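> One structure, as structure tokens, below. Some questions next.
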Amino acid sequence: MSTATQLPLPAHFAAAQVGEVWRVPYQTLAASAKDWAKQHQITPSAADQMRVCLLAIDVQNTFCIPEFELFVGGRSGMGAVEDNIRLCEFIYRNLGQITEIALTMDTHTAAQIFHAVFWVNAEGEHPPAMSMISPEDVEQGVWQVNPAVAVGLGQPFEQLQDYALHYVRQLSQDSKYLLTIWPYHSMLGGIGHAIVSAVEAACFFHNLARSSQTTFEIKGGNPLTENYSVLKPEVLIDQYQRSIDQK
């Protein structure tokens with residue numbers, strides 16, 4: 001986007017707070033966004049002749065705030081925070097040109113195939129976070145489906161065990177990768193699932209200044225497949241060759 005059309009940063013934006021979790025002051029921001037739009041002659045997004053969508057992937061506390069479950073530090077050790085400072089500044093400076101903002105949200109519950117509680121060994125122990133489960137592990141009984149989880153998911157244990165073997169085979173075919181047991185993260189309803197506060201504030205400010213609406217694309221809720229991409233799950237069919245729903 002042309003620097004000639006870029007706006008200044010509004011007074012409420014504080015780069016030092018981007019790595020923190022805080023309550024967005026909606027009513028205060030709503031009033032200031034309307035004043036900001038009037039001051040800078042920002043028109044409603046519905047009038048845009050060229051429509052621009054900004055897509056941000058999983059800008060959530062669980063990945064972006066230090067000491068949360070899967071914080072992405074990068075080379076600097078604060079990579080996700082630095083990225084979000086740039087993201088917020090981009091939104092504010094280009095407020096008049098961004099028609100819509102779309103945010104994907106990684107969304108999980110406890111009993112999912114990539115979480116420890118889904119699996120047990122012969123001693124009833126769960127696999128450690130960040131461990132890998134191979135097809136051979138499931139074939140040889142090193143790890144099997146937790147029978148209690150099968151009940152909770154409303155599936156017969158034998159059927160779910162067959163599916164689990166099918167799943168890890170599907171993941172590893174063509175040397176793709178093994179099943180990773182992730183730490184519990186992006187838990188639906190929890191603070192880790194939430195959008196980073198500073199990014200949420202920037203999106204809300206955009207909503208009010210441009211009479212727009214942020215789009216939220218939820219992914220990862222199906223307990224029987226990973227969903228790294230918002231476009232499709234990692235495994236598309238079950239052991240009966242039926243499609244797996246994307247959630």
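> In region 36-86, which residues are of a type in the set (Val, Ile, Thr) and farther than 19 Å from TRP22 by Cα?
Within region 36-86, the first condition is being of a type in the set (Val, Ile, Thr), and the residues that meet it are 42-43, 52, 57, 59, 62, 65, 72, 81, 85.
ILE42, THR43, VAL52, ILE57, VAL72 - these are the residues of region 36-86 that are of a type in the set (Val, Ile, Thr) and farther than 19 Å from TRP22 by Cα.
> How about region 1-116: which helices (runs of 4 or more DSSP H) wholly inside it have at least 1 residues that are at pLDDT 95 or above and more than 30 Å from VAL149 (Cβ to Cβ)?
On the way: elements: 26-39, 61-64, 79-93.
Because the criterion is at least 1 residues that are at pLDDT 95 or above and more than 30 Å from VAL149 (Cβ to Cβ), the helices (runs of 4 or more DSSP H) in region 1-116 that meet it are 26-39, 79-93.
> Can you tell me which residue is nearest to PRO10 (Cα to Cα) among those in region 197-220 that are assigned to a strand (DSSP E or B) and of a type outside the set (S, T, N, Q)? Please lay out each step first, then the result.
From region 197-220, those assigned to a strand (DSSP E or B) are 215-219; that's our starting set.
Narrowing further to those that are of a type outside the set (S, T, N, Q): 216-219.
On the way: PHE216: 24, GLU217: 27, ILE218: 30, LYS219: 32 Å.
My answer is PHE216.
> Quick check: anything in region 72-88 closer than 16 Å to GLU200 by Cα, in contact with a strand residue (DSSP E or B) (Cβ under 7 Å, 6 or more places away or on another chain) and in contact (Cβ under 8 Å) with a residue 12 or more places away in the chain?
Yes: region 72-88 contains one or more residues that are closer than 16 Å to GLU200 by Cα, in contact with a strand residue (DSSP E or B) (Cβ under 7 Å, 6 or more places away or on another chain) and in contact (Cβ under 8 Å) with a residue 12 or more places away in the chain.
> Looking at region 23-44, I want the residues that are more than 15 Å from LEU9 (Cβ to Cβ) and have a partner that is of a type in the set (Lys, Arg) with Cβ atoms under 7 Å, at least 6 apart or on another chain. Which pairs are those?
Within 7 Å, the pairs are PRO44/ARG210.
> Return yes or no: is PHE90 surrounded by fewer than 17 Cβ atoms within 10 Å (Cβ to Cβ) and in the same structural domain as HIS193 (by TED's automatic domain parsing)? Show your work before the answer.
On the way: surrounded by fewer than 17 Cβ atoms within 10 Å (Cβ to Cβ): yes; in the same structural domain as HIS193 (by TED's automatic domain parsing): yes.
Yes, satisfied.
> Considering only residues of region 161-196 that are assigned to a helix (DSSP H, G or I), assigned by TED's automatic domain parsing to the domain that holds LEU103 and not aliphatic (A, V, I, L, M), which is nearest to PRO223 (Cα to Cα)?
Filtering region 161-196 down to residues assigned to a helix (DSSP H, G or I) leaves 161-175, 191-193.
Okay, now just the ones that are also assigned by TED's automatic domain parsing to the domain that holds LEU103, so 191-193.
Those still in the list that are not aliphatic (A, V, I, L, M) too: 192-193.
Details: GLY192: 18, HIS193: 16 Å.
Once the filter is applied, the top-ranked residue is HIS193.
> Further, regarding this structure: Can ARG23 be described as of a type outside the set (Ser, Thr, Tyr), under 16 Å from SER212 (Cβ atoms) and exposed (fewer than 12 other Cβ atoms within 10 Å of the Cβ)?
Spelling it out, it is not the case that ARG23 is of a type outside the set (Ser, Thr, Tyr), under 16 Å from SER212 (Cβ atoms) and exposed (fewer than 12 other Cβ atoms within 10 Å of the Cβ).
> Find all pairs meeting these conditions: Cβ atoms under 8 angstrom apart; at least six residues apart or on different chains; first residue within region 95-115 and more than 14 Å from PRO183 (Cβ to Cβ); second residue polar (S, T, N, Q) and assigned to a strand (DSSP E or B).
GLU100/THR215; ILE101/THR215; ALA102/THR215; LEU103/THR215; MET105/GLN60
The values are calculated or read from the model by the stated rules, or taken from the named source; none is laboratory data. Computed from a prediction, not measured in an experiment: that's the story for all the values here. Ideal geometry is used to build each Cβ from the backbone, glycine not excepted, and the neighbour counts take in all protein chains shown.
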